[in-house]
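The values are calculated or read from the model by the stated rules, or taken from the named source; none is laboratory data. Please read all numbers here as calculations on a predicted model, not as lab measurements. In this analysis, Cβ positions are derived from the backbone assuming ideal geometry, glycine residues included, and neighbour counts consider all displayed protein chains. All accessible areas refer to the heavy atoms of the entire protein, side chains included, with ligands and DNA or RNA removed. Shrake-Rupley method; radii C 1.70, N 1.55, O 1.52, S 1.80 Å.
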Amino acid sequence: MRAGSPRLLREINDRAAIDALLRHGALTRSELEAQIGLSKPATAALLTRLETEGAVVRAGLRGGGRGPRAQLWTVNGTLASVAAVDLTPRGVDIAIADITGALLAEHQTALPRGGQDTVLAAFQSALNAAAGRAEVDPGGLCQVVIGAPGGVNPATGHLGFAPHLRTWEGFDVPGTLTELLSVPVTVENDVNLVALEEMTSGRAGDVRDFVLIWISAGLGSAVVINRHLLRGATGGAGEIDSMRVPDRATADTGVDRGGIRLGDLLATGSVVKLARAHGLAARSGAIALRKAVEAGDGGRAFLLDLARRIATGVAGVVSVVDPQLVLLAGETAQAGGEEFSAMVAAELHQLVTPRTPVRTSLVTGKPVRSGALHAALALAREEVFGLVAATADPFRGLRKPAGAAPPGPRRPPLRARHISPTPH
């Protein structure tokens, strides 16, 4: 242990203040003082210093109560901006936010079919359009995090396990995009980002080890060990879609009952077909589950059959990992609610030794994009402020793979480049 210099102590206090303002939003001096444990003079000096550096700005006055209204302080959102992207075979869903997490713009668009150059040019155009709506320079984005089906090989940067994104195969995706956009780009598996979102704002906030199963238009899973995403040697950890399993459903829907791809067995069309075999008509897997739950005893046989299919696919993962929790996520899986999760747990416990609980994910809306945004903010705040957030563990390993192009020189903490609005 060595004594800290005055400069080091100031930096520690500055980062504690920034972290408190990012977590709690605008605070008065006395509220910030209570959060970081400094004296009134020290907190006042800290705020003056951070305001001079441009790290914090005044944000109006706190009203209410007797006496004068108190000045509010907040992190300067214009210090940096980030982009979060949900990339699917249908197109992109992009969100631009400032470093406080405030959403500046959203943009959704289809991507054309064509060669690599055509698709990459369309992606760049979409990102530029989103940045334009947010009135920020697209070349000045601090971080871009993309959620995509499949997994990025950490050695090469190639996207694998994503046959439905063929245009994006065969090249260093994050490296190529980093060079094309002139900003740091990270590409992460979409279901991994859902797991990050679940750790940030869902049911896995205090869970060290869990498996998340995503069942919607596609099938995927994420494995988290000790709050770290397991990606595997080639980025393929959790890619259970191609795993062959027997169909243990009692109703015969014409599939090869000796062994079939799990992704085909749990595809929305297969779920609809299984529901029809039990007398339930539906246009999608999610609708089928909702109808079955509403039907009570009339829908129970279908739910049990589907629970058997899911449990069969999850059993191998649970036997090896022995997680604290299995989370069912995605539109189809979540439509069944906790009653259906309990059925999956009961079927799972007939197949494996661990008595792992199965629960329904709490994350809804746009979880891939939300997870990408949280990841981008964590990376940006570490770069700009030198902050390692309380939730830092889940975001380790999001850096570009070894083959990716470098993002350029690191910005010094609390001296970030100011992002100027795009001129009209």
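Structure data summary
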quantity: Positions within the stretch 288-303 being assigned to a helix (DSSP H, G or I) and either open to solvent by less than 40 Å² (accessible area, probe 1.4 Å) or of a type in the set (Asp, Glu) (or both), in sequence order; calculated: ALA288, LEU289, ALA292, GLU294, ASP297, GLY299, PHE302, LEU303
quantity: Elements of type helices (runs of 4 or more DSSP H) contained in the stretch 307-396, each with 2 or more residues being of a type in the set (Asp, Glu) and at pLDDT 95 or above; calculated: 337-349
quantity: Scan of the stretch 135-181 for residues that are more than 22 Å from ASP241 (Cβ to Cβ), part of a loop (DSSP other than H, G, I, E, B) and touching a Ser or Thr at 6+ places or on another chain (Cβ under 7 Å), ordered by number; calculated: GLU135, VAL136, ASP137, LEU141, CYS142
quantity: Answer residue from the stretch 157-179, given it is closer than 18 Å to GLY91 by Cβ and in contact with a helix residue (DSSP H, G or I) (Cβ under 6 Å, 6 or more places away or on another chain) and is most open to solvent (accessible area, probe 1.4 Å) among those; calculated: THR167
quantity: Strands (runs of 3 or more DSSP E) completely within the stretch 182-283 that count 3 or more residues being out of contact with any His (no Cβ under 9 Å at 6 or more places or on another chain) and within 20 Å of LEU348 (Cβ to Cβ); calculated: 210-215, 219-225
quantity: The one condition in (1) at pLDDT 95 or above; (2) out of contact with any helix residue (DSSP H, G or I) (no Cβ under 8 Å at 6 or more places or on another chain); (3) of a type in the set (Val, Ile, Thr) that VAL187 fails to fulfil; calculated: (2)
quantity: Filtered residue count, the stretch 330-350, keeping only those that are open to solvent by 50 Å² or more (accessible area, probe 1.4 Å) and within 21 Å of LYS366 (Cβ to Cβ); calculated: 1
quantity: Qualifying residue in the stretch 228-244 (condition: modelled with pLDDT of 95 or more, more than 30 Å from GLY140 (Cβ to Cβ), surrounded by fewer than 22 Cβ atoms within 10 Å (Cβ to Cβ) and among the β-branched types (Val, Ile, Thr)); calculated: no
quantity: Filter pass, ALA130 being modelled with pLDDT of 95 or more, open to solvent by less than 50 Å² (accessible area, probe 1.4 Å) and more than 18 Å from VAL85 (Cα to Cα); calculated: no
quantity: Residue check for PRO112: of a type outside the set (Asp, Glu), buried (at least 16 other Cβ atoms within 10 Å of the Cβ) and part of a loop (DSSP other than H, G, I, E, B); calculated: no
quantity: Within the stretch 1-45, considering residues that are surrounded by 11 or more Cβ atoms within 10 Å (Cβ to Cβ) and of a type in the set (S, T, N, Q), the one farthest from ARG381 (Cα to Cα); calculated: SER30
quantity: Boolean, GLY285 is modelled with pLDDT under 95, surrounded by 22 or more Cβ atoms within 10 Å (Cβ to Cβ) and in contact with a helix residue (DSSP H, G or I) (Cβ under 7 Å, 6 or more places away or on another chain); calculated: no
quantity: The listed residue being open to solvent by 70 Å² or more (accessible area, probe 1.4 Å), within 27 Å of the chain's Cα centre (by Cα) and of a type in the set (A, V, I, L, M, F, W, C), out of VAL271, VAL326, VAL320; calculated: VAL320
quantity: Test: ARG369 is open to solvent by 20 Å² or more (accessible area, probe 1.4 Å) and free of Cβ contacts under 8 Å to residues at least 12 places away in the same chain; calculated: no
quantity: Some residue of the stretch 100-119 being within 21 Å of GLY386 (Cα to Cα), out of contact with any Gly (no Cβ under 8 Å at 6 or more places or on another chain) and not basic (Lys, Arg); calculated: yes
quantity: Test: residue in the stretch 65-80 that is among the hydroxyl-bearing types (Ser, Thr, Tyr) and open to solvent by less than 60 Å² (accessible area, probe 1.4 Å); calculated: yes
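So that you can scan it fast, the table gives a plain yes or no per residue for (1) at pLDDT 95 or above; (2) under 30 Å from GLY25 (Cα atoms); (3) within 22 Å of the chain's Cα centre (by Cα):
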| residue | (1), (2), (3) |
| --- | --- |
| PRO89 | no, no, yes |
| THR109 | yes, no, yes |
| GLY115 | no, no, no |
| CYS142 | yes, yes, yes |
